[in-house]
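Read through the structure below, which is laid out as C-alpha cells, and then see the notes.
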Amino acid sequence: MSALNAESTAFRSALDVVRAVEPRIADAIAKELHDQRESLKLIASENYASPAVLLAMGNWLSDKYAEGTIGRRFYAGCQNVDTVEAIAVEHAKELFGAPYAYVQPHSGIDANLVAYWAILADRVEAPALAKAQKRNVNDLTDAEWAELRAAFGNQRMLGMSLDAGGHLTHGFRPNISGKMFDQRSYGVDPATGQIDYAALRETAREFRPLVIVGGYSAYPRKVNFRIMREIADEVGATFMVDMAHFAGLVAGKVFTGDFDPVPHAHIVTTTTHKSLRGPRGGAVLCQPELSDQVDRGCPMVLGGPLAHVMAAKAVAFAEARQPDFAGYAQRIVDNAQALAEGLTRRGATLVSGGTDNHLVLIDVDKYGLTGRQAEQALLDSGVVTNRNAIPQDPNGAWYTSGIRIGTPALTSRGLGTAEMDQIAELMHTVLTQTKPGASKAKFDLDPAVADRVSKQATELLAEFPLYPQVDLG
Ligand code: PLP
C-alpha cells in the first residue's frame, strides 16, 4: 500500500478527531467536499481555497484573544498573533502595492463598516461621534436614526444602485450603511449597460456626497477608478472602492492602471474568499492619513480578531504573490469571456453585451423566465448559479430577471475556454426548454432534459477533479 500524501493524511486525521466527538459534524464536512466535487459551481462570489489556506485555519490560534493592533493589544501573550498579523499585513501591502493594510475584518461587510466609520471619524466633528458612541444602536427607532444622521450632519453616500450591480452595504436601507448615510445611487446607461461617468459626475456635483463608493457585486465590466477619483476630488468626497468581487483580478494584475483601485482610492475594502481564493474574511487597504481610524476597527466595529483566519489570509496573500496567480487571474477572465461568447452565439442577451471581468449577467426575460424560475431550473439540471436583478429590473430584487454566473471557482478547478463553450450549451438547453409556470417561481422542465444535462455536467467535471490531492478514503 502506498503512503498517503500530506493533504490526505491531514484531512483524514482531522476528521477522525472530530468524528470521535460529534460524528455528524465530521460527516457533514466530508459530505460538503463530496457535494462540491459533484457541483458545477458558477456562483460568481465563490471559489476553492487551497489545502494550505484551509489547514491554516484549523488550529489553536483560534483560542487567543488579541483585541487591539500589532504590538498594542488589550490582552497579554499575543506574540504569535502579532507575528501572524504582521506577516498577513506585509503580504497584503506587497500584493496590492498599498501603503497600509488592516487584515482583521471578519467579512466583507465588516470591512465596509470599518471603512465607513473611519471616513466619518476622519471627516465629521468629534461631538457628533461622541453622541453616537453613547447610544445603543440596536434600540434606535427610525426617527432616532434620522436624529443620529442629523448629528453627523446628514452625511451623504453615493454608491452604485442595486439593480446596476451595487451591494447592500453601499448605502441601502436594509444594511446599516443606509441608516448611517443619506444615500443616492448612480446606475448604468440603459443603452450600453455600462457606467455613465458623465451622469455620475453630474449626480455627484448636485448631491455633494461625503463618500463615493466604487465597486460592485454584479457589474460585468471594468470600472475606471481614475475618473471616479477625479469626480470625488471635484466634489470633496472621500473615494472608497469595495473590490470584494474582483480583488483576485487586481492581485493578478489583470486590472492595472485606471482599473486598479488601489492607487486611486483613499480607502479600499475587500473580501478574501471570492476571486482572491483565500479564507472567508475581509481586509481594508488605505492611504496613511486614514490608518489611525482604520486601526480602531476593533473595538469600534469588530470584536477580537480571528487569528486563525488572519493566518489563512497570510497564506492566501502569499499564494497570490506567486507568479502563477497572474495566469490564474487571466484565465478567470478568458473563461468568463468564452462563456459570454458561447451564450451570445446561442442567442442569449447579456447585460452590457459581454464581460471584462469574472462575471456574466444573463437577461432571462429573453426566455420568458424570471430569475427565480431560471435559477431553479438550472439547479435541477446540476448547474449552480444565482438569480440577480438586472438594470431597471421589472421583477424586483426577489424574483429578478437575471442570472449571474462567474468563473473563479471552475477556473481554480482547471476548466478552460473549451469547457466554457460546453457549459454555455448546457445552459442554453435548460433555458430554452424551461417554460414559465403559474407563478413567478413555478416552471415546467421535462425531467428527462434536466437529467441529461445533469449527467453531462457530471461527466464534464469528472475530467477536472476537485482537490485531487485530497483522498478522504
Ligand atoms: N461587498 C461586496 C461587493 C460583496 O459582493 C459582498 C458579498 O457578497 C460583500 C461586500 C460582503 O461580504 P461578506 O459576505 O464577506 O460579508
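All of the numbers you see were taken from the coordinates with simple rules; none came from a lab. Computed from a prediction, not measured in an experiment: that's the story for all the values here. Note that we place each Cβ from the backbone using ideal geometry, even for glycine, and neighbour counts take in every protein chain shown.
Quick look at the values:
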item	result
Whole-Hz couplings from phi, Karplus 6.51/-1.76/1.60, listed for segment 340-345; x for Gly and Pro	4, 5, x, 5, 4, 4
Solution diffusion estimate, µm²/s, Stokes-Einstein, segment 61-320, Kirkwood Rh from C-alpha pairs, 10 °C, viscosity 1.306 mPa s	86 µm²/s
Angstrom value of the Kirkwood radius, inverse mean 1/r, which spans all Cα pairs in segment 251-294	11.6 Å
The chain - percent relative contact order, Cα under 8 Å, separation 6 or more	21 percent
Cα-based equivalent ellipsoid, the chain: semi-axes from gyration tensor eigenvalues, Å	35, 31, 20
Packing-based exposure ordering (other Cβ within 10 Å, fewest first) of 259, 96	259, 96
Taking segment 325-462 and dividing mean pair separation by its residue count, relative contact order in percent (alpha carbons under 8 Å, at least six apart)	28 percent
³J(HN,Hα) computed for each position of segment 148-156 - Karplus, 6.51 cos²θ - 1.76 cosθ + 1.60, integer Hz, glycine/proline x	5, 4, 5, 4, 8, x, 6, 5, 10
Longest exposed-site-free window of the chain, the sites being GluC sites (Glu not before Pro) in a DSSP loop that have at most 16 other C-beta atoms within 10 Å	126-462
Label-point gap, in nm, between residue 472 and residue 141 - each point 7 angstrom along Cα→Cβ	5.2 nm
